[in-house]
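Here is the structure we will look at.
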Amino acid sequence: MTQDPPTKPDTKGIEQTNTSMREQLSSRRTFLAGAAAVGAAGMTGLGMGTAGADEHGSDGDDNDSGSGDNSMNDIDILNYALTLEHLEATFYQEGLDEFSADDFMNADLGCDVCDEVREQIPDQVKVVGEHEAVHVDQLTKVITDLGGTPVEAAEYNFGYETPAEFLGVAMALENTGVAAYAGAAPSIQNSDLLSAALSIHSVEARHAAVFNGVNMESPYPDAFDEAKSMDEVLEIAGQFIVSE
């Protein structure tokens, strides 16, 4: 049997490239207010404990070399990562609660996605969501073990209405996560924490490749991944965080 190719849906989540998606997301400024309740404290000097630079990187006094926010130490960076992981974990949990496996498999992607690829989408969404939940648990544990206070999840509004739009947002979130880890990792002082962050970064890149492919974007668009600053990432993430 032959089927007519599906018509391309008029949805922002699928039609936009990562660049145009970032432009749309950065239009809202609500993150700063939301982050005050969610995670900004973790980025500006939350309870660090009393351990010195050997455990936490910068000790906040005279060890502030490098570019960017000189008040940042390893716990601040971990809380920054945890803020993003909370967002992603909640995103997938909400999507799995809202859409069935058949919904994902039959999503009107508006492109020539073969049946074999479609059949894999429900499991891919489930597994990626599980990965993000594990990242939340591990980052929370490490921050606590280092004497810090882990940031908590916020209220979110991801803006999708259909499974196709959900998959488009997933692509944007995962690519943003890759850029965030690439931008933050060089500032981590503790080598063990750096290794752990890089292991998450590579997994986020695999997630991004999967959702790029589902959305008919290249899984490997460039020879080098773009690194984004914390301010750039938080501006993008702000689209999804609702102020309390």
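Determine the share of the stretch 96-244's accessible area contributed by carbon and sulfur atoms, expressed in whole percent, with a 1.4 angstrom probe.
Answer for the stretch 96-244: carbon and sulfur cover 50 percent of the accessible area.
How do 140, 83 rank by accessible surface area computed with a 1.4 Å probe, from largest to smallest?
140, 83
Pull out the extension gain between residue 202 and residue 127, defined as 0.36 nm times the separation in residues minus the alpha carbon to alpha carbon distance; nm, one decimal.
Extra length from residue 202 to residue 127 when fully extended: 25.5 nm.
Estimate the FRET efficiency between residue 149 and residue 101 by the formula 1/(1 + (r/R0)^6), using the beta-carbon distance for r and 41 Å for R0, to the nearest 0.05.
In this case the efficiency is close to 0.60.
Given the protein chains as shown and a 1.4 Å probe, how many square angstrom of residue 108 are accessible, to the nearest 10?
70 Å²
Name the residue from 163, 124, 151 whose Cα lies farthest towards the positive end of the charge dipole of the stretch 109-213, charges +1 on Cβ of Lys and Arg and -1 on Cβ of Asp and Glu.
151
Quick one: grab the alpha carbon gyration tensor of the stretch 160-240, order the square roots of its eigenvalues as a ≥ b ≥ c, and give me rounded if a/c is under 1.5, else prolate or oblate depending on whether a/b is larger than b/c. Don't skip to the end; give the middle numbers.
On the way: a/c = 2.23, a/b = 1.61, b/c = 1.39.
Prolate, because a/c is 1.5 or more and a/b exceeds b/c.
How much accessible area does residue 158 have with a 1.4 Å probe, in Å² rounded to the nearest 10?
10 Å²
Could you tell me the distance between the Cα centroids of the stretch 155-209 and the stretch 80-131, to the nearest Å?
Taking the Cα centre of each part, the stretch 155-209 and the stretch 80-131 sit 14 Å apart.
Rounded, prolate or oblate: which fits the stretch 69-220, taking a ≥ b ≥ c as square roots of the Cα gyration tensor eigenvalues, rounded meaning a/c under 1.5, else prolate when a/b beats b/c?
prolate
Dipole size in debye (nearest 20) for the stretch 94-244 around its Cα centre, Lys and Arg Cβ +1, Asp and Glu Cβ -1? Before the final figure, lay out each step's value.
Values: 5 positive and 30 negative charges, 121 e Å.
In total the dipole reaches around 580 debye.
Grab the beta carbon distance between residue 115 and residue 195, set R0 = 41 Å, and tell me the FRET efficiency rounded to 0.05.
0.55
The values are calculated or read from the model by the stated rules, or taken from the named source; none is laboratory data. Please read these numbers as outputs of a predicted model, since none were measured by experiment. Neighbour counts are summed over all protein chains in view; Cβ atoms, including those assigned to glycine, are modelled from backbone coordinates with ideal geometry. The accessibility values were calculated without ligands, DNA or RNA, using every heavy atom of the protein model including side chains. Shrake-Rupley method; radii C 1.70, N 1.55, O 1.52, S 1.80 Å.
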